[in-house]
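A quick write-up on the structure given underneath.
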Amino acid sequence: MDETIKRDDFAWFMKIPTRWIDNDMYGHMNNARYYSIYENLIMTFLGPVNGLDTGTGAIRCFTAENGCRYYDALKYPDVIDAGLRVARIGNSSVRYEMGLFAEGNDNIASSAFVVDVFVDADSERPTRVPDNFRQVLEGVMLPQSESNS
């Protein structure tokens with residue numbers, strides 16, 4: 001993913017207000033906060049928005065890989081438009097791609113990806129992506145030719 005990514009490249013958005021505590025000593029949002037926002041974006045999309053059980057059911061999602069790039073600073077009191085798309089669904093994994101934009105700004109401030117592996121809750125071994133998850137994930141999936149990963 002790169003800075004040429006635009007808002008229209010994402011299928012689902014969530015607004016996230018920044019807080020004063022999110023800023024670091026340099027006056028912009030701390031790097032660790034970006035990862036927290038990305039995790040919250042995925043979990044909100046799966047759970048509260050789509051009603052999928054990611055914590056107490058027979059299937060869990062473990063993060064196997066992630067990465068983040070920064071293009072422009074976000075800082076309090078920015079409101080963030082956090083975008084989400086799915087780039088790939090495998091047999092037991094999914095690759096999410098995300099972007100953060102300051103409200104009212106079409107230039108991407110940060111992009112990230114997360115690869116989650118679906119595992120059996122008891123054995124913690126990889127398992128097939130459940131059909132109900134697959135259906136929801138396909139709803140925000142990019143056509144293969146659009147992914148910039």
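Where a number appears in this text, it was derived from the coordinates with a stated rule and is not lab data. Every value quoted in this text rests on a predicted model; they were computed, and no experiment measured them. Every residue, glycine among them, receives a Cβ derived from its backbone with ideal geometry; neighbour counts consider all protein chains shown.
Test of understanding: what is the full-extension gain from residue 50 to residue 134, defined as 0.36 nm times their sequence separation minus their Cα-Cα distance?
Contour length minus Cα-Cα distance gives 29.1 nm.
Can I get the semi-axes of the stretch 1-123's equivalent ellipsoid? Compute them from the C-alpha gyration tensor as square roots of 5 times the eigenvalues, in angstrom, largest first.
After scaling each eigenvalue by five and taking roots: 26, 16, 13 Å.
Which order do peptides 78-86, 55-63, 132-140, 37-45 fall in by mean Cβ count within 10 Å, highest first?
78-86, 37-45, 132-140, 55-63
Per the helix-only calculation at 222 nm, which mean residue ellipticity applies to the chain, given -39500 (n - 2.57) for every DSSP H run of n ≥ 4 and division by its residues, nearest 500 deg cm²/dmol?
For the chain, the value works out to -4500 deg cm²/dmol.
Between helix 31-44 and the chain, what is the angle of the helix's C-alpha long axis to the longest principal axis, kept within 0 to 90° and rounded to the nearest 10?
40 degrees
Each residue of the stretch 5-14 in order: what ³J(HN,Hα) in whole Hz does its phi give by Karplus 6.51 cos²θ - 1.76 cosθ + 1.60, θ = phi - 60°, with x for Gly and Pro?
Result, rounded to whole Hz: 6, 10, 3, 5, 7, 10, 8, 9, 10, 9.
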